[in-house]
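Let me begin by presenting the structure, written as structure tokens, before commenting on it.
No lab work stands behind these numbers, since they all come straight from the coordinates. Every value quoted in this text rests on a predicted model; they were computed, and no experiment measured them. Neighbour counts run over all protein chains shown; Cβ positions are idealised from the backbone, glycine included.
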């Protein structure tokens, strides 16, 4: 074992567990907020549409965490609408909604973590309950 595991030097975090050695870039706590840059809004998606797409695909996301997998869904934004796809290797779910997304000039893809999708569903349910 390396006794210097976890030492910081020149913006790098180095760690070693014999015989593997790795190095990752780090950012000082004070500079972290300045690294985050707000991007312009790509599109506005109605919460009801997004929540419906999530509820139709979230079942197919793997709950297995004992091995490294991406536990989320792929969201594709196009001018003509949205596509959400999820799989756990056995099940495949895909939902497509044809709603115009004004201002999109290209196709954008994002991986949505399962936890984030669950929180969006909770928010949608709360808003629905508040409206009643």
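Multiply the residue gap between residue 102 and residue 127 by 0.36 nm, knock off their C-alpha separation, and tell me the result in nm, one decimal place. Mind showing how you got there, number by number?
Details: separation 25, 0.36 × 25 = 9.00 nm, distance 2.45 nm.
Result for the pair: 6.5 nm of gain on full extension.
Calculate, in nm to one decimal, what residue 55 and residue 88 gain on full extension: separation in residues at 0.36 nm each, minus their alpha carbon distance. Present the calculation step by step, with values, prior to reporting the outcome.
Numbers: separation 33, 0.36 × 33 = 11.88 nm, distance 1.55 nm.
Going from the current span to full extension adds 10.3 nm.
Could you give the nm distance between label points at residue 42 and residue 78, where each point is 7 Å from its Cα heading toward the beta carbon?
1.5
For the stretch 47-131, rounded, prolate or oblate, judged on the Cα gyration tensor with a ≥ b ≥ c (square roots of eigenvalues), a/c < 1.5 rounded, else prolate if a/b > b/c?
It is oblate, given that a/c is not under 1.5 and a/b is not larger than b/c.
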